[in-house]
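The values are calculated or read from the model by the stated rules, or taken from the named source; none is laboratory data. If you're wondering where the values come from, they're calculated on a predicted model, not measured in any experiment. A quick note on method: Cβ atoms are made from the backbone with ideal geometry, for glycine too, and the neighbour counts reach across all protein chains shown.
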Amino acid sequence: MAKKVKKKELGLGIRALLSNMETEENPEIQQEFVRELTHTVANIPVSQIEVNPFQPRKEFAPEALEELAESLKVHGLIQPITVRRLNDEAFQLISGERRLRASKLAGLEEVPAYIRLANDQEMLEMALVENIQRQNLNPIEVAQTYQRLLDECNLTHENLADRIGKKRITVTHFLGLLKLPPQVQTALKEGRITAGHGKALSGIDDLALQLSIFQEVIQQGLSVRATEALKKRYNEPTPPKSGPKAGLPDEYKRVQDQLRDHFGAKVALKTDGKGKGQIVIGFHSDDELNRLLDIIEGN
């Protein structure tokens, strides 16, 4: 839960730590300070965040930014950015420029952020690795910590795996959870699904299909194995009919994609090229059928 930060105040706890950091030279106090900020997310006014002049990435796809901005208008920013404190009313971005740009497009006045000081990389890395060892972290918190180590400590997946004693593929699977839709990430945070479920869902490229399977997992309480089996059934290609068959024209493909997004299910649009055809909507349970009927009936 992000701590609320007023426009001109970081909060007594963080402010006191920052004050101590400026006046104390004791390494133990500095390390305690960094450890404290490692666990702290603060809401910071967007107007007080400067972009990083050393940001290596300069190009951001406008369409992707617009899509993210629309999502932020509904769900807010879930994954915090990271900033460096310059003074009481100024911060410099360290990581998360895409999220910051989309937040500005969405008209957000504040964003959640981790606060760092300059020249504290070793202590930060130690504190983050220590944080991973906690037993009560949910999968998204683990994934966010992995991402911070990659972004802020210049680690590769292999380096990170070595430091935390995990296999590289495990690191990759956790990082994949951060690409899941907001509602799926929320379910992971709340413990309604496990990291295994998240891994299965992250392997689905079609967003509508991903959300459809997610709803079935929640409604039916499916196990990870059952989720994998359901995903496999959805992904099984339809046996081709004999004889040559041309693909759908682009305009029909766009209609098919729109129907998939609308129903949150697998939709197949078939046409004979002469104005006749079929719309086939797939479902795998009575609950799924009832959900589709509700959409059709406008409930």
Inset, instruction - Give just the number: which of (1) exposed (fewer than 15 other Cβ atoms within 10 Å of the Cβ); (2) among the charged types (D, E, K, R); (3) at pLDDT 80 or above does Glu110 not satisfy? - result: (1)
Inset, instruction - Please indicate, with yes or no, whether at least one residue in region 130-145 is in contact with a strand residue (DSSP E or B) (Cβ under 6 Å, 6 or more places away or on another chain), part of a loop (DSSP other than H, G, I, E, B), modelled with pLDDT under 85 and hydrophobic (A, V, I, L, M, F, W, C). - result: no
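Based on this model, can you work out whether Glu89 counts as at pLDDT below 85 and of a type in the set (D, E, K, R)?
Working: at pLDDT below 85: yes; of a type in the set (D, E, K, R): yes.
Criteria met by Glu89.
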Legend entry - Residues that are over 29 Å from the mean Cα position of the chain (by Cα) and not charged (D, E, K, R), drawn from region 277-288: Gly277, Gln278, Ile279, Val280
Legend entry - Residues of region 212-228 satisfying the condition of being buried (at least 18 other Cβ atoms within 10 Å of the Cβ) and among the aliphatic types (A, V, I, L, M): Ile213, Val217, Leu222
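Within region 151-225, considering only helices (runs of 4 or more DSSP H) that don't extend past its boundaries, which have at least 2 residues that are within 18 Å of the chain's Cα centre (by Cα) and in contact (Cβ under 8 Å) with a residue 12 or more places away in the chain? Step through it out loud before you land on a result.
Values: elements: 157-164, 168-176, 182-189, 195-202, 207-220.
Once the helices (runs of 4 or more DSSP H) in region 151-225 are filtered for at least 2 residues that are within 18 Å of the chain's Cα centre (by Cα) and in contact (Cβ under 8 Å) with a residue 12 or more places away in the chain, what remains is 168-176, 182-189, 195-202, 207-220.
Check Arg260, Arg254, Arg233 and return the single one that is under 23 Å from the mean Cα position of the chain (by Cα), modelled with pLDDT of 80 or more and of a type in the set (Lys, Arg).
Values: Arg254 fails: under 23 Å from the mean Cα position of the chain (by Cα); Arg233 fails: under 23 Å from the mean Cα position of the chain (by Cα).
Testing whether each residue is under 23 Å from the mean Cα position of the chain (by Cα), modelled with pLDDT of 80 or more and of a type in the set (Lys, Arg) leaves just Arg260.
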Inset, instruction - Scan region 37-64 residue by residue and report those that are more than 16 Å from Thr82 (Cβ to Cβ), modelled with pLDDT of 65 or more, within 21 Å of the chain's Cα centre (by Cα) and not hydrophobic (A, V, I, L, M, F, W, C). - result: Pro62, Glu63
Legend entry - Cβ-Cβ under 9 Å pairs, at least 6 apart or on other chains, region 273-298 side assigned by TED's automatic domain parsing to the domain that holds Gln215, far side part of a helix (DSSP H, G or I) and of a type in the set (Lys, Arg): none
Legend entry - Verdict on Leu175 being crowded, with 21+ Cβ neighbours inside 10 Å and modelled with pLDDT of 90 or more: no
